[in-house]
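The values are calculated or read from the model by the stated rules, or taken from the named source; none is laboratory data. None of the values given here were measured: they were computed from a predicted structure. Cβ sites come from the backbone with ideal geometry, for glycine too, and all protein chains shown count toward neighbours.
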Amino acid sequence: MVNPPLEKKLSEIEPGTEAFVKRVTGDKNLRKRIADMGIVKGTRIKVVRKAPLGDPIEFELKGYSLSLRKNEAENVYVEEVS
């Protein structure tokens, strides 16, 4: 029996892990801002590193690096690449 994939918040993914964006939550302005940075449904994203206190978090997507605050990354739900 195969378990269905689980969604996680982007802020919960460990460095070195890759995932696909499933959905983005939050208010309209935050969703637009995140989409403008290239984080949209289906985007493959890799967690590069987290600051010592976990904020900000560096990601790699679409050929560039991006840092997000932890509270922003908590609005992005992903499915880890197996």
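Odds and ends about this structure:
- Taken over the stretch 34-82, the residue count meeting the criterion of being of a type outside the set (Ser, Thr, Tyr), touching a residue at least 12 places away in the same chain (Cβ under 8 Å) and in a strand (DSSP E or B) is 17.
- Condition met for ILE39 (within 17 Å of VAL81 (Cβ to Cβ), in contact with a Leu (Cβ under 6 Å, 6 or more places away or on another chain) and either surrounded by fewer than 14 Cβ atoms within 10 Å (Cβ to Cβ) or not polar (S, T, N, Q) (or both)): no
- Among residues of the stretch 24-33, those that are β-branched (Val, Ile, Thr) and in a loop (DSSP other than H, G, I, E, B), counted: 1
- Taken over the stretch 1-23, the criterion of being in a loop (DSSP other than H, G, I, E, B) and either among the charged types (D, E, K, R) or within 15 Å of GLU74 (Cβ to Cβ) (or both) is satisfied by ILE13, GLU14.
- Qualifying residue in the stretch 7-26 (condition: over 13 Å from the mean Cα position of the chain (by Cα) and on the phi < 0 side of the Ramachandran plot): no
- Taking the criterion of being aromatic (Phe, Trp, Tyr) and at pLDDT below 95, the only residue of the stretch 21-66 that qualifies is TYR64.
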